[in-house]
Each structure stands twice: as C-alpha cells, then as structure tokens.
1. If you scan the range 89-115, which residues turn out to be surrounded by fewer than 18 Cβ atoms within 10 Å (Cβ to Cβ) and outside any loop (DSSP other than H, G, I, E, B)?
2. Would it be correct to say that LEU151 is in contact (Cβ under 8 Å) with a residue 40 or more places away in the chain and either farther than 24 Å from GLY178 by Cβ or outside any helix (DSSP H, G or I) (or both)?
3. Restricting to the range 154-174, what's the tally of residues that are part of a strand (DSSP E or B) and under 28 Å from PRO79 (Cα atoms)?
4. For residues that are polar (S, T, N, Q) and surrounded by 12 or more Cβ atoms within 10 Å (Cβ to Cβ), scanning just the range 168-188, find the one that is farthest from VAL65 (Cα to Cα).
5. Quick check on the range 128-155: of everything there that is in contact with a strand residue (DSSP E or B) (Cβ under 7 Å, 6 or more places away or on another chain) and surrounded by fewer than 19 Cβ atoms within 10 Å (Cβ to Cβ), which residue is farthest from LEU86 (Cα to Cα)?
6. Please determine, by comparing only the residues of the range 117-135 that are assigned to a loop (DSSP other than H, G, I, E, B) and of a type outside the set (A, V, I, L, M), which one is farthest from the chain's Cα centre (by Cα).
7. When only residues in the range 57-88 that are aliphatic (A, V, I, L, M) and under 18 Å from THR135 (Cβ atoms) count, which is surrounded by the fewest Cβ atoms within 10 Å (Cβ to Cβ)?
8. Considering only the range 71-82, I want to know if a residue exists there that is touching a Leu at 6+ places or on another chain (Cβ under 7 Å), in contact (Cβ under 8 Å) with a residue 40 or more places away in the chain and hydroxyl-bearing (Ser, Thr, Tyr).
Amino acid sequence: MVNGRTLLVAATSIAAFAGCTVSSQDSAHRVPAQDVPFELAETTTTDTGSVITIGAGQDVAVFLVRDDRLTVVNRTTSPADPPHVLALLAQGPSQEETSAGLRTALVPDLAEIVAIDGELITIDLDGEFSSLVPTEQRLALAQITFAMTQLAAISSVRFLVAGQPASVPRGDGSSTDGPVSPDDYSDFAPV
C-alpha cells in the first residue's frame, strides 16, 4: 500500500521534473551576441600566411570578397552546422582581414535560416537586401551559397526576401525563383 510520504515524494519529483522542460519554437531565431555561450564566442587569431584561423573546433570556410570575387578564409566553429556557419559569415572580416583588402557584401542581420529540408536550406533575406546594388546582391548571395553548400548535408539554397518567395539574381545577372548552388555564382568563385 502507498503511504502519504511516498505520494508526497512522487508529487514533488514530478513537479520538479516539469519545471525542467525546454520551451519549443516554431522557427529559427537569432541569438544576441551577449547570449552566446562564452566558449562559442571565444576568438583567438593566428595568421598562417594567406589563411587566418580563429577559435577552436571544426574548420569551415567563410567566403569574403576581394576585388569582386570570393576569397576563402578559414574559421573554426563547433559544431560546423548551418546556423554556426551563417553566424561566422555574418561577423564579416576581422580588422586584419579588412586591412588585407577583404570585405563582405552582407549587411548586418541580412540573412536568417528558416528551414532545412533534406539537402535544401531556405534562407530569408531582410528587406534591406532589395536596396543593395545588383553586384552587391549577387556577391551577398554567392557568399551565403558557397558557405552553406560547403557543408556535406546542404547542396542548394532557396532565398526568400522579407519572408516572401522571391526571384534572386545569379552570378551572370539572370534571375531565378528556384534553389541556387555554387554553379550559379561561378563568376565569383574563389580562385
């Protein structure tokens, strides 16, 4: 037979466990820099010739711009997944990289991952994307596309603009409302 003390212990355990749940979210959201766990935001820089490595974890390529072409800069993150790679890309070049002539076509808070479906990632571009000059639009899309598709699980990128399906420019200036891959931006490919 169950006594009162056993019921009290069971009820207390259930109440304590219920308070340990994590709330669910229906979509991706940005994490403010100050809320990123310190070990993920930690950066140490070493110059290894033409490649600059930052942090600790898995190496990934971040695609920056030099002379209207993409340039590969290696960064380290953990884990090497789409949200972390997009966050590294959004950081843009370091001061050393800027001094070396590297830049980004991305504006702050330009891109947000909204879905990953198989090998297709869908990225929503802020409405400010439409105000970029055409060359900067193509470079920004190339930076994101090359960065995302370097990951084994991603082969193409679909872009939305301000949450709506949109036609985006390819590297050659033509437009598409379908998914894109690095082949669509071969004009900007790293040399």
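1. GLN91, GLN95, GLU96, THR98, SER99, ARG103, VAL114, ALA115
2. Numbers: in contact (Cβ under 8 Å) with a residue 40 or more places away in the chain: yes; either farther than 24 Å from GLY178 by Cβ or outside any helix (DSSP H, G or I) (or both): yes.
In short, yes.
3. The initial filter retains those residues of the range 154-174 that are part of a strand (DSSP E or B), namely 156-161, 164-165, 168-169.
Narrowing further to those that are under 28 Å from PRO79 (Cα atoms): 156-161.
The number of residues fulfilling the criteria is 6.
4. First pass over the range 168-188, keeping only residues polar (S, T, N, Q): 174-176, 181, 186.
Now narrow it down to the ones that are surrounded by 12 or more Cβ atoms within 10 Å (Cβ to Cβ): 176, 181, 186.
Numbers: THR176: 23, SER181: 18, SER186: 14 Å.
Across the range 168-188, the extreme among qualifying residues is THR176.
5. PRO134
6. If we filter the range 117-135 for residues that are assigned to a loop (DSSP other than H, G, I, E, B), which is where we start, we get 118-119, 126, 132-133.
Now drop any that are not of a type outside the set (A, V, I, L, M), which leaves 118-119, 126.
On the way: GLY118: 17, GLU119: 15, ASP126: 14 Å.
Ranking the qualifying residues of the range 117-135, first place goes to GLY118.
7. Filtering the range 57-88 for residues aliphatic (A, V, I, L, M) gives 60-62, 64-65, 70, 72-73, 80, 85-88.
Next cut, under 18 Å from THR135 (Cβ atoms) only: 64-65, 70.
On the way: LEU64: 27, VAL65: 22, LEU70: 25.
If we take residues in the range 57-88 being aliphatic (A, V, I, L, M) and under 18 Å from THR135 (Cβ atoms), then VAL65 is surrounded by the fewest Cβ atoms within 10 Å (Cβ to Cβ).
8. For the range 71-82, residues touching a Leu at 6+ places or on another chain (Cβ under 7 Å), in contact (Cβ under 8 Å) with a residue 40 or more places away in the chain and hydroxyl-bearing (Ser, Thr, Tyr): present.
The values are calculated or read from the model by the stated rules, or taken from the named source; none is laboratory data. Keep in mind that this is a model prediction, so the values were computed, not measured. For neighbour counting, all protein chains shown are included, and Cβ atoms are generated from backbone atoms with ideal geometry for every residue, glycine included.
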